[in-house]
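Enquirer: Attaching a single structure in structure tokens format; questions to follow.
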Amino acid sequence: MFGLFPQTAKTKGESEQIQIAGRLVKVIRRPYKRSLGLTLKLNGELRVSAPKGVPLSKIRDFILSQDEWIQTHLAKYQTLRDAIPKKRLVDGEQLPFLGRMVTLKFRPTTSSKRPILKFEGDLLVCEVAREVWSHFNPDEPHPELRAGLSAFYQKQARALLIDRIRHYSHAMGLLPSGLTFRAQKTRWGSCSSKGKISLNWKLIIAPLEIIDYVVVHELAHLKFYNHSQSFWNLVGTQVTDYQGKREWLRVHQYDADFLSAQSEVHEA
Ligand SMILES: [Zn+2]
């Protein structure tokens, strides 16, 4: 499976753990692998993939030899995490939606128990029962509020993503065998070897051109199940400056955190 953050690709095989310089490193044995590979997950987890039979001492040496790379990347991820805009579900908060900012506006009502959300210009109006509102604590929003907001974003995302897949499917002559929406922790999209595309509905926070890049990227995997030059050439027929768009996704990878009860990067 190829994800947009291939360093977090799911791994198959046995795994063991070793401790090196105060760090826990997961070692994953892969029968078909020929060389050692090091990956650093966004939450700081280190993994080494290794061919079967390579002794742990050799793996240890390999990890130590990569120390500078590890330090540099850990620092980079930390900077990104520190820059996460801490969103609070309070009146007047600015939330990203389709690449722009909308202003959250609460409107207590007597009728509905569940929050009802709708756009009114640049306002994202949240009608919420007075009793929910009265128990409101900005530092720990009522679970119904967050769930309502998430459901609203998800609904908008589904409609838009289906439309974009349809558009680019037609333009590229590539049809996925299935389409699912998820809230993957570290991926924006993926394509399985059976041609099923999975998109992260939290993409709805991004500008349309970024969403389109992810859609095109995953559709292109239906023709090239790799990240070869031919693959990128195909992506390039539909989107300009795909490198800039990849960078946008990297920089903004935590911006949708406000849609989850817990940050999806601070865990573990
Ligand atoms: Zn890919």
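The values are calculated or read from the model by the stated rules, or taken from the named source; none is laboratory data. It should be emphasised that the depicted structure is a prediction, and the values quoted were computed from it without experimental measurement. So basically every Cβ, Gly included, is an ideal-geometry build from the backbone, and we count neighbours across all protein chains shown.
Enquirer: Would you be able to tell me the number of residues in the range 110-125 that are under 18 Å from residue 90 (Cα atoms) and either of a type in the set (S, T, N, Q) or surrounded by 15 or more Cβ atoms within 10 Å (Cβ to Cβ) (or both)?
Expert: The number of residues fulfilling the criteria is 5.
Enquirer: Report, by residue number, each residue of the range 10-30 that is farther than 17 Å from residue 68 by Cα and modelled with pLDDT of 80 or more.
Expert: Answer for the range 10-30, where residues must be farther than 17 Å from residue 68 by Cα and modelled with pLDDT of 80 or more: 16, 17, 18, 19, 26, 27, 28, 29, 30.
Enquirer: Just to be sure, is residue 192 within 13 Å of the ligand (Cβ to nearest atom), within 12 Å of the chain's Cα centre (by Cα) and not assigned by TED's automatic domain parsing to the domain that holds residue 73? Quick ask: steps written out before the conclusion?
Expert: On the way: within 13 Å of the ligand (Cβ to nearest atom): yes; within 12 Å of the chain's Cα centre (by Cα): no; not assigned by TED's automatic domain parsing to the domain that holds residue 73: yes.
So residue 192 fails the test.
Enquirer: Further, regarding this structure: Does residue 163 satisfy the condition of being away from the ligand (no atom under 16 Å from the Cβ) and under 22 Å from residue 99 (Cβ atoms)?
Expert: Yes, satisfied.
Enquirer: Hey, among the residues in the range 35-74 that are within 29 Å of residue 250 (Cα to Cα) and of a type in the set (D, E, K, R), which one's surrounded by the most Cβ atoms within 10 Å (Cβ to Cβ)?
Expert: That would be 47.
Enquirer: Quick one: what pairs do we get from the range 207-225, first residue in a loop (DSSP other than H, G, I, E, B), second within 12 Å of the ligand (Cβ to nearest atom), C-beta under 7 Å, 6+ apart or different chains?
Expert: Between residues of the range 207-225 that are in a loop (DSSP other than H, G, I, E, B) and residues that are within 12 Å of the ligand (Cβ to nearest atom), the close pairs are 221/2; 221/191; 222/191; 223/234; 224/231; 224/234; 225/2.
Enquirer: Is it the case that the range 177-195 has a residue that's surrounded by 15 or more Cβ atoms within 10 Å (Cβ to Cβ) and part of a helix (DSSP H, G or I)?
Expert: Checked against the condition, which is being surrounded by 15 or more Cβ atoms within 10 Å (Cβ to Cβ) and part of a helix (DSSP H, G or I), the range 177-195 yields no hits at all.
Enquirer: Does residue 39 qualify as being under 30 Å from residue 259 (Cβ atoms), hydroxyl-bearing (Ser, Thr, Tyr) and either modelled with pLDDT of 80 or more or not in a loop (DSSP other than H, G, I, E, B) (or both)?
Expert: Considered against the rule, which asks whether it is under 30 Å from residue 259 (Cβ atoms), hydroxyl-bearing (Ser, Thr, Tyr) and either modelled with pLDDT of 80 or more or not in a loop (DSSP other than H, G, I, E, B) (or both), residue 39 comes out as yes.
Enquirer: Output the number of the condition that residue 89 fails; it satisfies all remaining conditions of (1) in contact (Cβ under 8 Å) with a residue 40 or more places away in the chain; (2) assigned by TED's automatic domain parsing to the domain that holds residue 202; (3) of a type outside the set (Lys, Arg).
Expert: Unmet condition: (2).
Enquirer: Take residue 50 and tell me if it is at pLDDT 70 or above, out of contact with any strand residue (DSSP E or B) (no Cβ under 7 Å at 6 or more places or on another chain) and away from the ligand (no atom under 16 Å from the Cβ).
Expert: Values: at pLDDT 70 or above: yes; out of contact with any strand residue (DSSP E or B) (no Cβ under 7 Å at 6 or more places or on another chain): no; away from the ligand (no atom under 16 Å from the Cβ): yes.
Judged against the criteria, residue 50 is not a match.
Enquirer: Condition test on residue 204, is it within 12 Å of the chain's Cα centre (by Cα), away from the ligand (no atom under 13 Å from the Cβ) and not in a loop (DSSP other than H, G, I, E, B)?
Expert: yes
Enquirer: Quick check, is residue 236 away from the ligand (no atom under 12 Å from the Cβ), small (Gly, Ala, Ser), under 18 Å from residue 166 (Cα atoms) and over 14 Å from the mean Cα position of the chain (by Cα)?
Expert: So residue 236 does not fit the description; no.
Enquirer: I'd like to know if the range 94-110 contains one or more residues that are over 30 Å from residue 143 (Cα atoms) and at pLDDT 90 or above.
Expert: Initial filter on the range 94-110 (over 30 Å from residue 143 (Cα atoms)): none.
Looking for residues that are over 30 Å from residue 143 (Cα atoms) and at pLDDT 90 or above, one finds none in the range 94-110, hence no.
Enquirer: Within the range 92-114, is there a residue that is in contact (Cβ under 8 Å) with a residue 40 or more places away in the chain, touching a Lys or Arg at 6+ places or on another chain (Cβ under 7 Å), part of a loop (DSSP other than H, G, I, E, B) and not assigned by TED's automatic domain parsing to the domain that holds residue 23?
Expert: no
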